Structure formats: C-alpha cells, structure tokens
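Data first, discussion second: the structure below is written as structure tokens.
The values are calculated or read from the model by the stated rules, or taken from the named source; none is laboratory data. Here the structure is a predicted model, which is why all the values come from computation and not from measurement. Methodologically, a virtual Cβ is constructed for each residue, glycine included, from the backbone with ideal geometry; neighbour enumeration extends over all protein chains shown. All accessible areas refer to the heavy atoms of the entire protein, side chains included, with ligands and DNA or RNA removed. Shrake-Rupley method; radii C 1.70, N 1.55, O 1.52, S 1.80 Å.
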Amino acid sequence: MLQFLLRRTFGAVVILVLLSAFTFFVFFGAGDPAAMSCGKNCTADNIALIHQNLGLDKPLTTQYWDWLVGIFAGRDYSIGHCSAPCFGYSFATKQDVWSTLIDRLPTTASLAIGGAAVFLTVGLGTGLLAAYKRGSLIDKVLTSISMVLSSAQIYILGPIALGLFVYSGLMDSPKYVNFTSDPAGWFMGLLLPWVVMATIFTAQYTRMSRSTMIEQLQEEHVRTAKAKGMSSSYVFLRYAWRGSLIPIVTILGMDLSSLFGGAMITEFTFQLAGVGRLAIDSVITLDLPMVLGVLVFSAALILVFNIIVDATYAFIDPRVRLS
C-alpha cells in the first residue's frame, strides 16, 4: 500500500508540473502580462518598469523556473518578499496569490463539506431504501423523483430558490460566517446553497446506490450468507452495503475534489466569495497570476482527493486489500 501511495504521489507531482508549465506558457506567452497589469492609462515607461520588477524581461523558460522555485523557496518582488509557497502577486489587487486562496478556501470548504454531508446522507438513504423495497411503490416513487431531479441544474434551481426564500423575505441572503465565531450563522448562511446542491446531487447518489446495492445482492458471498440463515437486514447492511460503497466513494471523491477546487456556478449564483468565484473574477479581469494559482491549486486538490479515494478502497473492501 505504501509503495502504491508513493507512486501515485510521484505521478501527481509530475502532472502538476506539466499542467503548471503548460498553463504558464499559454497565459504568459500569448500576450504581454505587463500591459494587462498596468491598466488603461499606462505609458511605455511604466510597462518597461513592470517588465523589470516582475522579471518579464527574462526568457519565458526562466520566468517559469523562477515561478516554480518561488513556490518552494519564496521570491523577492519590487513590492516586497513573497514567502513560500509563493504564486506571485495579483495584477488586480496587488495581494499575494496564496494568501488570497487561503482566505477564500474556508468558504469553498464549508460549501463543499456541508453540501456533501446533506446530499450523501439523503442520497444513500433513499437509494438503500429503494433497493431494500425493490419493486414496491416506494421504490418506483423514489426512482421517478431521482430521474426528474437528475436533469436539474444549479443555475436554474439557484435563482428559483433565491426568489422563493430570499427575495420573498423568508430567509437572509446566503453568506459565509466563520464557524468558530458563529456556528448558527454559519449554518443558516449556507443552508440554502446546501439544499440546492443536495437536490441535484442526491438524485445521482440515489440512482447509483440503488443500482450497486441490487448488484451486490446478487453476489455469491451475499447469497451464501442468506443460505446460512442470516437475516435479510443483517446481510443487507453487513455484506451488500460495504461492497456497494466502492463506486460511490469514487464518485464522491470526484465531486468533493471539484467542489473544493471551486464550485464556480454555485458560488457565482449565491454570490459567495470562494475559490470558484475568485476564478471567474480573475478571468474577467485578466489577472494571470491569480488564474494560474487557482488552476494549480484546484488541480492539486483533485489529485489529492483521488489518492485518498484509492487508499479508502482497502478499508471498504477486503478484496481490494488482498489484491
């Protein structure tokens, strides 16, 4: 297991380096970053000064190397020293890219963790109930509802939810409040985005947990457990349920990594200042250091979650552990 994790970690580092190099050369090689950071009323002398201060007068390969080294060792700029991990300074705000990402991360993390807790609990619960009551009226109703909700999108349900609950005065506008200072305000501020996300994601997890559970009930070890006289509920939860979690863990890891990397549509719809909203604002303002930082940061989170998912397999299914 340790060798496997080390190989996956090394592969993730290689992917991050290649991704950052490709993104850097595309963004910084396609135009003049100095002109983008200078603004409208900019002279040739100002652009030349920015080239010198940011090291943009160096070859592109040298610029990338300096940027890459700065992540691990820090870097000096004309406006000050950027401590490691240094992703540069924002063109728009002149703030440290890494500090800005860390400031936005709690909003995105709260949105991702809270939303996942809701849609995972509801989705798995309804899926298991539908599988246990397979062929009954409850199964048909739950399956039909999940099919309808699976076609919904956040950019449609989000404005509808805002109109029904926020604009009507029933709820306050969604906002992020620090959990340690006000847990109740944190919960109420993100409740509506969680519900909208859960409405959409629950349908996917309901259908998946139902189908995987039905497949597991046909496995030989499950039929053997039933033949030994074990109760249906015990076999259902002790044997079939564990085996059905593997594909669900895979999808959950992908969903969590994308949510932690920045739920752009959700954050933009509910005006939440998270990593996803930061990515949209950075693209609009052509803030290249911030765009590059968000991309690398999000990619790193996705790779980390994929490694965690692979390691989780062994704790869920003993067959994976033995192989």
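So here's what we get for this one:
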read-out	value
Percent RCO, i.e. relative contact order, over the chain, from Cα pairs under 8 Å lying at least 6 residues apart	22
3J(HN,Hα) from dihedral phi, region 127-144, Karplus parametrisation 6.51/-1.76/1.60, rounded to Hz, x for glycine, proline	x, 5, 5, 5, 5, 5, 9, 4, x, 8, 5, 4, 4, 5, 5, 5, 5, 5
Protein accessible area in region 218-312, 1.4 Å probe - carbon and sulfur %	69
Over region 260-302, relative contact order from alpha-carbon pairs under 8 Å, at least 6 apart, %	40
Ordering of 191-199, 270-278 by packing [mean C-beta count within 10 Å, highest first]	270-278, 191-199
Computed FRET value (nearest 0.05) for Phe25 with Ile160, which takes r as the C-beta separation and R₀ as 56 Å	0.85
R0 of 56 Å, Cβ-Cβ distance Ser211-Asp45: FRET efficiency to nearest 0.05	0.30
Distance between modelled label sites at Asp172 and Ser150, nm, 7 Å Cα→Cβ extension	3.8
Two-site FRET efficiency, Phe179 against Asp66, from Cβ-Cβ distance with R₀ of 35 Å, rounded to 0.05	0.40
Among (i) 45, 26, 15; (ii) 25, 23, 17; (iii) 33, 21, 20, the entry derived from the coordinates for semi-axes √(5λ) of the Cα gyration tensor in Å	(i)
Carbon plus sulfur fraction of accessible area for region 1-140, probe 1.4 Å, in percent	66
Accessible surface of Ile248 - all protein chains present, 1.4 Å probe, nearest 10 Å²	10
Model label zone, Val17; criterion: amide N under 18 Å from point 7 Å along Cα-to-beta-carbon; scope region 71-114	71-74, 86
Inter-probe distance in nm under a simple model that places probes 7 Å from Cα toward Cβ, at Phe4 and Val141	4.2
Solvent-accessible surface ranking, highest first, for Asp182, Asp66 at 1.4 angstrom	Asp182, Asp66
Heavy-atom surface of the chain, accessible at 1.4 Å and reported per residue (Å²)	53
Kirkwood Rh, Cα atoms: Rg over Rh of region 123-266	1.08
Full-extension gain in nm, Ile284 to Ser78, via 0.36 nm per residue minus C-alpha separation	71.6 nm
Cys82 long-range amide H proximity, modeled H, under 5 Å	Arg75, Asp76, Tyr77
With all protein chains modelled, accessible area of His81 [1.4 Å, Å²]	110
Listed residues Ala92, Ala300, Ala48, most fluctuating in the chain (Gaussian network, C-alpha, under 10 Å)	Ala48
